[in-house]
Structure formats: C-alpha cells, structure tokens
Amino acid sequence: MKTFCGRANPTTGALDWVEESEEYDYHQEIARSCYADMLHDKDRNEKYYQGIRAAVSRVKARGERVVVLDIGTGTGLLSMMAVTAGADYCYAIEVFKPMATAATCIVERNGFSDKIKVINKHSTEVTVGPDGDMQERANILVTELFDTELIGEGALPSYEHAHMHLVQADCEAVPHRATVYAQLVESDMLWKWSQLQPIEVDGNKLLPPPAVVKCAGAPSVCDIQLSQVPPESFTPLGPICTMFRVDFSKQVSSAAQSYTAQFKAQTSGRAQVVLSWWDIDMDPDGSIVCTMTPSWNYSDPHTYPWRDHWMQSVYFLPAEKNVSEGEELNLIGSHDDYSLWYGLTHSVQNDVKVATFRPCCTCQAHLVWTRPRFGELNDEQRTESYVNALRSILKPDSVCLSVSDGSLLPIFAHLLGSKKKTFKLLNGCVYLVYLYIYSDLIFFTLQISVLMGEPYFSTSLLPWHSLFFWYCRTAVAQLLHPSATILPRAATLYIVAVEFRVHYFFWIIVAEPHPLWEYPCHALTKPRPVLTFDFTQCVPEQPVNSDGTVPITG
C-alpha cells in the first residue's frame with residue numbers, strides 16, 4: 001500500500017505530498033506527529049476516561065450491551081479506556097496503516113485482543129453486517145478527530161457518515177458536544193502578521209500596494225499559544241462570544257453554515273483580529289469539560305493544562321474597521337466542512353448567509369510570505385537598523401545587488417541615495433540572474449559596490465538556512481568591486497541551554513522549526529556564540545566547525 005507523506009520542499013518552502021512505497025519506514029512520520037503530546041496530555045486523558053466511563057454506565061443502565069466505535073483510534077488508548085470502563089466490545093478505526101499496526105500490537109500486549117478489533121480503513125469505508133467490518137451498529141461513539149480549529153481534520157464529514165451508517169440513532173457520544181468561542185480584539189502586534197503597514201524612510205512614506213491592502217489575506221488559520229501572547233498586546237473590543245455548538249450525539253451536518261453573535265462594543269478601537277478556541281463537554285450535563293481557553297481566561301491559571309496538539313486560533317478580518325464604544329456589532333462565524341472564518345458587520349442582520357467561499361489571498365503576497373515574514377517587514381526597529389546600516393555605506397554612484405526574497409532593501413537603497421543602478425537576485429534563480437547581471441555589467445562596465453541582504457529566503461525552514469546568502473555571495477564574487485561592501489558582513493550562531501516547563505513533546509522531535517517564544521522555559525546557560533560566518537570572504541572549501549563546553553548557571 002502506498003501512502004502520501006508531507007514533506008517541506010527546500011526550494012519553495014511549501015509542504016508537498018510525496019507518495020511513499022510499502023518499504024518506507026513510517027516510524028519517522030509517527031515521530032514527527034503529535035501522538036506523544038496527546039498521550040502525555042493528562043487533562044485530555046482524564047476527561048476522556050471520565051466521559052467514556054459515564055457513557056458506558058448510562059448504556060448499561062438501559063440494560064443494553066455496550067458496543068463502542070472509536071474513530072481515529074491512533075494508539076488504541078481510548079478503545080482500551082472503553083473496555084476498562086466495562087464496554088462489551090469496541091471497534092477501533094485507524095486509516096494510517098503504520099498506526100493501525102501499532103494499535104493492534106498495543107491492544108494485544110495489554111490483553112484486550114478479544115474485545116477490541118482494529119480496522120485499518122477510513123471510517124467512511126467501514127461496513128456493518130454479518131460479513132462486514134462491524135457486526136452491528138455501535139451505541140457509543142468515541143472520537144478524537146479535532147485540531148486547533150476543531151473541524152480541520154474532517155470531524156464533521158466523519159461524524160455525519162458515522163451517524164448515518166455506523167451508530168444507532170440514540171447513541172451516546174464522547175465527547176457529547178463542542179462549543180466554539182470567539183472574541184473581537186484590536187492588536188497591532190497580531191495585525192502586523194497579516195497586513196503590510198506603511199514604512200517611513202528618510203521622510204518618504206512607502207505605502208503597500210492597493211491590492212495588498214484590499215486582500216483578505218491567507219485563508220489558513222493562524223494557530224498559536226495564546227497563553228504566551230501578553231494580554232497587554234491586544235485590546236478586547238467585545239465580550240467572549242459563544243459562536244456555535246455541535247451536538248455529536250445527534251446527526252451532524254458538514255454543510256456550510258454561518259452563525260452570528262450580537263454585542264455592544266466595550267470600547268472604541270480598530271476591529272482587526274478574532275481570537276477563537278473551543279471546549280468539549282464529555283457528558284450531556286456539561287460536568288466534564290476539556291477546555292482550550294487561554295490561560296488568562298482559565299479559572300485557575302496556576303493549574304492551566306498546557307498542551308501543544310491543541311492550541312488557540314487567530315483569525316484576521318478581511319479589513320480592519322473602526323468601531324465606537326456602545327456600537328451594536330455582529331460577529332459572524334462561518335464554516336465549511338474543514339475550516340472556519342469570521343466577518344464583522346455594524347448593522348443588525350437577521351438572515352446571515354454563509355459566504356460562497358472562504359476568504360482567500362488575491363494579492364499573491366500572502367502566498368509568498370509567511371505570517372512571521374509579514375511581522376519582520378512590519379518591524380519598525382528592524383527596518384530602522386537596516387536603513388541606518390545602508391545610510392552609512394551608500395553613495396550616489398553605488399551599484400547595489402540585493403540577495404533576498406521579497407525584500408524592500410533595494411527600495412531603501414534607492415531612497416537613501418543610490419542613484420546609479422540596483423539589481424535584485426531572487427532565490428532559486430542564482431544561475432540565470434548571474435548571467436543577466438554578467439551580460440549587463442559587460443555592457444555598462446559596472447561592478448557591484450554594495451552586496452546586501454536581510455538575508456531572507458522563502459526556502460529557509462530554520463534560521464541557519466538563510467546562510468544561503470553566503471553561497472550567493474560566493475557565486476557572484478567575480479562581479480564585486482575589490483572594495484565592495486558586504487551587508488551584512490557576518491553572522492554569529494548562538495546557543496543557550498534551556499529547561500522547558502513542558503518537555504514531553506520534544507524528546508522525539510529533531511531539528512524541526514518551532515517558534516520558541518510560544519513555549520515556556522528558563523535558561524540554564526548564558527547565550528554562547530559558537531560559530532561566526534564571515535561574509536566578506538567566500539565560503540571556505542573546508543567545513544566550519546566549533547567545539548567547547550558551556551557551564552550550567554541556571
């Protein structure tokens with residue numbers, strides 16, 4: 001059986017799906033997943049077990065045989081919880097073959113093989129009947145099909161099919177329901193991750209193109225640890241609203257829908273961002289609740305259950321709107337079968353219809369730049385550093401070459417007085433642009449006097465991947481004037497040993513990009529420079545290396 005696996009494309013920086021053969025070792029796919037984080041999520045596990053145990057008791061109280069359907073069983077943990085709680089039989093469905101094999105082994109080693117059947121299929125392909133995968137319909141439906149956005153892993157279509165074909169009409173569901181919450185806020189920090197802001201350079205105000213200003217932005221959710229976002233970095237413009245609920249014990253629809261929350265603006269400001277998260281009630285009474293609310297909204301922040309496989313969502317409005325204190329507002333939440341999006345209106349709407357399509361990028365910038373990249377371009381302090389550096393070296397007759405993707409440095413150079421010529425070398429086109437520059441230089445008898453870069457490349461998955469600048473500098477060495485200025489002149493790699501307050505998901509992850517500001521930790525050492533890369537020289541033929549010791553001080 002062939003399986004598609006996600007791969008980061010080093011050329012484009014995008015996630016490509018690659019078909020792997022039967023011989024492929026899938027252990028690394030499991031290692032890169034969130035299984036470890038889920039399995040170590042004590043709060044999640046306890047709430048699921050309490051909910052399963054309560055559901056089993058309710059079915060037994062009706063005098064029925066307890067048959068459980070566990071969709072997306074993973075390691076089989078929830079199925080084993082169900083049998084431990086007294087279920088008579090459990091069908092555990094897992095579409096990912098290596099995981100299904102692991103679940104079968106785990107179930108067998110724990111002595112549950114006689115009561116748990118692992119089915120390696122997508123739930124929509126499972127059959128029921130004497131010759132089917134399931135002998136009978138289940139009366140308890142257990143699932144963990146949720147992501148940070150709740151429905152992004154296809155929960156709604158899976159529930160819809162299960163109720164139609166795999167479970168009884170009066171089945172118990174664990175979780176019983178989900179509730180999605182949202183709050184409208186003003187936040188310059190978060191808004192800078194979505195929209196380009198005007199930039200001031202020596203009295204010249206650079207405005208983003210109208211197409212970028214009018215663009216609705218990237219359609220994908222921005223999932224982050226909102227608990228690590230300082231409350232002072234955003235201003236709530238309205239209360240936390242209950243947007244909609246999904247009752248998993250009844251027939252679920254995957255059809256597109258919209259919901260409206262009406263409220264009065266708590267303060268005046270610019271409506272820019274919607275913060276969103278969800279709760280799941282494990283029982284009908286809502287006494288067993290697993291919440292994704294950020295720590296600053298949690299009942300007791302000191303006991304907040306930190307988790308990484310479920311976080312919170314940030315949605316950017318298509319355009320910011322000015323609101324006044326006391327103004328009646330409608331926050332509109334819409335979803336299709338896999339995604340959510342939000343809109344805002346000032347007037348009362350009794351009949352809100354879902355948009356035909358979710359908002360998407362029309363300016364192309366959001367397809368090229370990531371949200372962190374938008375944040376870099378909008379970082380005033382960062383821009384000022386580059387402008388000051390350029391101002392100190394540029395002359396009217398400077399011939400500049402910029403080596404960066406989507407960089408504003410060539411524009412800065414022109415505004416700061418470089419009047420002669422500025423070239424731009426794009427990532428992935430080194431050879432072609434080299435030929436263009438070389439022929440152009442022969443014609444104009446020019447030599448590059450300033451080689452500059454941020455450096456930033458769309459292919460950079462990790463910070464040190466931007467050392468590609470050094471290789472570009474080496475490739476165009478013959479085009480540089482003997483006294484050419486290289487900006488930046490050098491880069492230094494620092495290390496610091498830290499202790500994470502939540503460490504269980506790191507032990508199986510190797511060298512993958514993580515925005516570490518989201519993960520609480522404290523330093524055990526002082527920052528230590530380990531390697532310096534001299535860009536004024538070409539890349540050396542021999543590898544650059546360093547060794548040494550770092551004293552633990554924390």
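Just for the stretch 348-366: of the residues that are closer than 23 Å to Ser458 by Cβ and surrounded by 12 or more Cβ atoms within 10 Å (Cβ to Cβ), which one is modelled with the lowest pLDDT? Spell out the reasoning first.
Here is the first cut: in the stretch 348-366, the residues closer than 23 Å to Ser458 by Cβ are 359-366.
Now restrict to residues that are surrounded by 12 or more Cβ atoms within 10 Å (Cβ to Cβ): 359-363, 365-366.
Numbers: Pro359: 81, Cys360: 86, Cys361: 90, Thr362: 91, Cys363: 91, Ala365: 89, His366: 90.
Applying the filter and picking the extreme gives Pro359.
Which ones in the stretch 220-257 are closer than 30 Å to Asp170 by Cα and of a type in the set (A, V, I, L, M)?
Met243, Val246, Val252, Ala255, Ala256
Which of the numbered conditions does Gly129 fail, given that it passes all the others? Conditions: (1) more than 31 Å from the chain's Cα centre (by Cα); (2) assigned by the TED database to the domain that holds Thr235.
(2)
Would you please list the contacts, defined by Cβ atoms under 6 Å and residues six or more apart or on different chains, that run from a residue in the stretch 121-147 that is under 25 Å from Gly51 (Cα atoms) to a residue that is among the polar types (S, T, N, Q)?
Sorted first by the residue in the stretch 121-147, then by its partner, the pairs are Ser123/Ser158; Arg137/Gln168; Asn139/Gln168; Leu145/Ser158.
Taking the stretch 121-137 as the region of interest, how many residues are closer than 14 Å to Gly72 by Cβ and touching a strand residue (DSSP E or B) at 6+ places or on another chain (Cβ under 7 Å)?
So the count comes out to 3.
Say whether the condition of being of a type outside the set (Gly, Ala, Ser), at pLDDT 90 or above and in the same structural domain as Asn388 (by the TED database) is met by at least one residue in the stretch 438-451. I'd like the intermediate steps shown before the answer.
Keep residues of the stretch 438-451 that are of a type outside the set (Gly, Ala, Ser), which gives 438, 440-448, 450-451.
Going one step further and asking which of them are at pLDDT 90 or above, we end up with 450-451.
Applying the additional criterion that residues be in the same structural domain as Asn388 (by the TED database) yields 450-451.
Yes: one or more hits.
Touching a residue at least 12 places away in the same chain (Cβ under 8 Å), aromatic (Phe, Trp, Tyr) and under 20 Å from Glu376 (Cα atoms): which single residue out of Phe248, Phe234 fits that description?
On the way: Phe248 fails: under 20 Å from Glu376 (Cα atoms).
Testing whether each residue is touching a residue at least 12 places away in the same chain (Cβ under 8 Å), aromatic (Phe, Trp, Tyr) and under 20 Å from Glu376 (Cα atoms) leaves just Phe234.
Would you say Ala173 is under 30 Å from Ile280 (Cα atoms) and out of contact with any helix residue (DSSP H, G or I) (no Cβ under 9 Å at 6 or more places or on another chain)?
On the way: under 30 Å from Ile280 (Cα atoms): yes; out of contact with any helix residue (DSSP H, G or I) (no Cβ under 9 Å at 6 or more places or on another chain): no.
Spelling it out, it is not the case that Ala173 is under 30 Å from Ile280 (Cα atoms) and out of contact with any helix residue (DSSP H, G or I) (no Cβ under 9 Å at 6 or more places or on another chain).
Select, from Val221, Val246, the only residue that is closer than 22 Å to Gly375 by Cβ and not assigned by the TED database to the domain that holds His163.
Numbers: Val246 fails: closer than 22 Å to Gly375 by Cβ.
That would be Val221, the only listed residue that is closer than 22 Å to Gly375 by Cβ and not assigned by the TED database to the domain that holds His163.
Does the stretch 258-271 contain any residue that is out of contact with any helix residue (DSSP H, G or I) (no Cβ under 9 Å at 6 or more places or on another chain), without any contact (Cβ under 8 Å) to a residue 24 or more places away in the chain and open to solvent by 40 Å² or more (accessible area, probe 1.4 Å)?
No, the stretch 258-271 contains no residue that is out of contact with any helix residue (DSSP H, G or I) (no Cβ under 9 Å at 6 or more places or on another chain), without any contact (Cβ under 8 Å) to a residue 24 or more places away in the chain and open to solvent by 40 Å² or more (accessible area, probe 1.4 Å).
Among the residues of the stretch 38-51, write down those that are buried (at least 20 other Cβ atoms within 10 Å of the Cβ) and either within 15 Å of Arg501 (Cβ to Cβ) or not assigned by the TED database to the domain that holds Glu144 (or both).
Result: Asp41, single match.
Please name all residue pairs, on different chains or six or more residues apart, with Cβ atoms under 7 Å, provided the first residue is in the stretch 327-338 and is within 17 Å of Val252 (Cβ to Cβ) and in a loop (DSSP other than H, G, I, E, B) and the second residue is open to solvent by 40 Å² or more (accessible area, probe 1.4 Å) and modelled with pLDDT under 95.
The qualifying pairs are Asp336/Ala256; Asp336/Arg358.
Looking only at residues that are part of a helix (DSSP H, G or I), touching a residue at least 60 places away in the same chain (Cβ under 8 Å) and among the aliphatic types (A, V, I, L, M) in the stretch 154-172, which one is surrounded by the fewest Cβ atoms within 10 Å (Cβ to Cβ)? Give the steps one after another, and end with the answer.
So the first thing to find is which residues in the stretch 154-172 are part of a helix (DSSP H, G or I), and the list is 155-165.
Narrowing further to those that are touching a residue at least 60 places away in the same chain (Cβ under 8 Å): 156-160, 162-164.
If we keep only those that are among the aliphatic types (A, V, I, L, M) too, we end up with 156, 162, 164.
Details: Leu156: 21, Ala162: 26, Met164: 11.
My answer is Met164.
Take the conditions surrounded by 14 or more Cβ atoms within 10 Å (Cβ to Cβ), at negative phi, outside any strand (DSSP E or B) and among the β-branched types (Val, Ile, Thr) and apply them to Val246. Does it pass? If you could, list the steps in order and put the result at the bottom.
Values: surrounded by 14 or more Cβ atoms within 10 Å (Cβ to Cβ): yes; at negative phi: yes; outside any strand (DSSP E or B): no; among the β-branched types (Val, Ile, Thr): yes.
For Val246, the condition - surrounded by 14 or more Cβ atoms within 10 Å (Cβ to Cβ), at negative phi, outside any strand (DSSP E or B) and among the β-branched types (Val, Ile, Thr) - is not met.
Would you tally the residues in the stretch 457-485 being open to solvent by 30 Å² or more (accessible area, probe 1.4 Å), over 12 Å from Gln537 (Cα atoms) and not small (Gly, Ala, Ser)?
8
The values are calculated or read from the model by the stated rules, or taken from the named source; none is laboratory data. The structure presented is a predicted model; accordingly, all values stated were derived computationally and were not measured. For neighbour counting, all protein chains shown are included, and Cβ atoms are generated from backbone atoms with ideal geometry for every residue, glycine included. Each accessible area value is taken on the protein alone, full model and side chains, heavy atoms only, with ligands, DNA and RNA left out. Shrake-Rupley method; radii C 1.70, N 1.55, O 1.52, S 1.80 Å.
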